[in-house]
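These notes concern the structure reproduced below.
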Amino acid sequence: MDKKTGIFYGSNTGTTARIARKIGQLLNIGDNDIHDVAKTSPSRVAEYDVLILGSSTWGSGDIQTDWLDFVNGLQVLDLKGKKIALFGCGDETMSDTFCNAVGELRDRLVRTQAILIGEYDAGAYEFSESAAYDPETGKMYGLVLDEVNHPELTDTRLHTWIQQISEEIL
């Protein structure tokens with residue numbers, strides 16, 4: 001991958017952090033380019049062409065709390081032309097808010113003129129509603145993972161998504 005890529009995540013229990021590191025390994029991204037948003041300034045995104053952003057979903061479908069200030073900071077930066085791929089962790093038994101954080105990130109970033117990439121087919125997921133779902137395309141706005149109920153599907157989903165975003169980054 002020729003474009004400089006940074007991974008930024010927010011994680012309460014460590015699951016999203018672990019997935020961020022796994023994505024980093026699959027894309028050969030070093031630890032110095034994987035950032036916990038709780039310990040990072042939004043201005044750090046300036047050094048990257050491609051941003052991979054990950055959040056867990058909490059409570060009644062809320063974005064992970066460390067993202068609140070970070071995404072506010074992103075919204076005032078010049079992100080025009082940067083490619084952004086989203087991923088999130090959630091629990092399908094929370095059927096009416098499954099991985100809402102991915103949708104919230106997307107909604108907050110769509111006006112930044114960044115290029116959003118990495119939509120993922122929603123066909124294999126079971127949920128009733130999700131802010132991460134685009135009913136017009138039948139896709140999620142990014143990769144969504146359920147490490148609670150379906151950890152056995154994570155590796156396959158990650159590899160499929162990594163291949164897809166690698167093609168979109170070129």
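The values are calculated or read from the model by the stated rules, or taken from the named source; none is laboratory data. Everything numeric in this text was worked out from a predicted model, so none of it was measured. Using ideal geometry, Cβ is built from the backbone for each residue, glycine included, and neighbour counts are taken over all protein chains shown. Areas reflect the complete protein model, heavy atoms only, side chains present, ligands, DNA and RNA absent. Shrake-Rupley method; radii C 1.70, N 1.55, O 1.52, S 1.80 Å.
Counting Lys and Arg as +1 and Asp and Glu as -1, each charge on the Cβ, what is the dipole of the chain about the Cα centre in debye, to the nearest 20?
Working: 15 positive and 27 negative charges, 140 e Å.
Once rounded to the nearest 20, the dipole reads 680 debye.
Quick one: accessible area per residue over the chain, 1.4 Å probe, rounded to a whole number of Å²? Please list the in-between numbers first.
Details: 8030 Å² over 170 residues.
Ligands and nucleic acids excluded, the figure is 47 Å² per residue.
Computed over protein heavy atoms with a 1.4 Å probe, the carbon and sulfur contribution to the accessible area of the range 1-56 reaches 38%.
Using the Cα gyration tensor of the range 119-170, with a ≥ b ≥ c the square roots of its eigenvalues, what is the shape: rounded (a/c below 1.5), prolate (a/b larger than b/c) or oblate (neither)? Oblate, because a/c is 1.5 or more while a/b does not exceed b/c. Which of the three applies to the range 41-102, rounded, prolate or oblate, going by the alpha-carbon gyration tensor with a ≥ b ≥ c and a/c under 1.5 meaning rounded? Here the range 41-102 falls in the prolate category.
Based on the mean of other beta carbon atoms within 10 Å per residue, what is the order of 158-167, 27-36, 87-96, most packed first? Display every interim value, and only then the final one.
Numbers: 158-167: 15.8, 27-36: 14.3, 87-96: 20.7.
Sorting 158-167, 27-36, 87-96 by mean packing, highest first, produces 87-96, 158-167, 27-36.
If you add up the charges near LYS82, with Lys and Arg at +1 and Asp and Glu at -1, over every other residue whose beta carbon is less than 10 angstrom from its beta carbon, what do you get? Provide the component values of the computation, followed by the final result.
Details: positive: LYS3, LYS80, LYS83; negative: ASP49, ASP78.
Neighbourhood net charge equals +1.
Springs between Cα atoms under 10 Å define the GNM used for the chain, and in it the highest mean-square fluctuation of GLY59, GLY118, GLY81 occurs at GLY59.
Based on the Kirkwood radius over alpha-carbon pairs, what is the Stokes-Einstein translational diffusion coefficient of the range 1-68 at 25 °C with 0.890 mPa s viscosity, in µm²/s? Walk me through the intermediate numbers first.
Numbers: Rh = 12.2 Å.
Reported coefficient: 200 µm²/s.
When Cα extents along the principal axes in Å is computed from the coordinates, the matching label among (i) 57, 39, 25; (ii) 45, 40, 24; (iii) 38, 32, 29 is (iii).
In whole percent, how big is the carbon plus sulfur part of the accessible area of the range 70-170, probe 1.4 Å, protein atoms only? Numbers along the way, then the final one.
On the way: 2300 of 4740 Å².
For the range 70-170, the apolar C and S fraction of the accessible surface comes to 48 percent.
Among the DSSP beta bridges whose two residues both lie in the chain, what percent are antiparallel, rounded to the nearest 5? Working shown, then result.
Working: 6 of 28 bridges.
Restricted to the chain, the bridges split so that about 20 percent are antiparallel.
For the range 51-144, what does the alpha-carbon gyration tensor say about shape, rounded, prolate or oblate, given a ≥ b ≥ c as the root eigenvalues, a/c under 1.5 as rounded, and a/b over b/c as prolate? Oblate shape, in that a/c is at least 1.5 and b/c is the bigger or equal ratio. The distance separating the Cα centre of the range 152-170 from that of the range 42-91 comes to 19 Å.
Report, in listed order, any pair from LYS82/LYS139; LYS3/LYS139; LYS4/LYS83; LYS4/LYS80; LYS3/LYS80; LYS3/LYS82 with a Cα-Cα distance greater than 18 Å. Exceeds cut-off: LYS82/LYS139; LYS3/LYS139.
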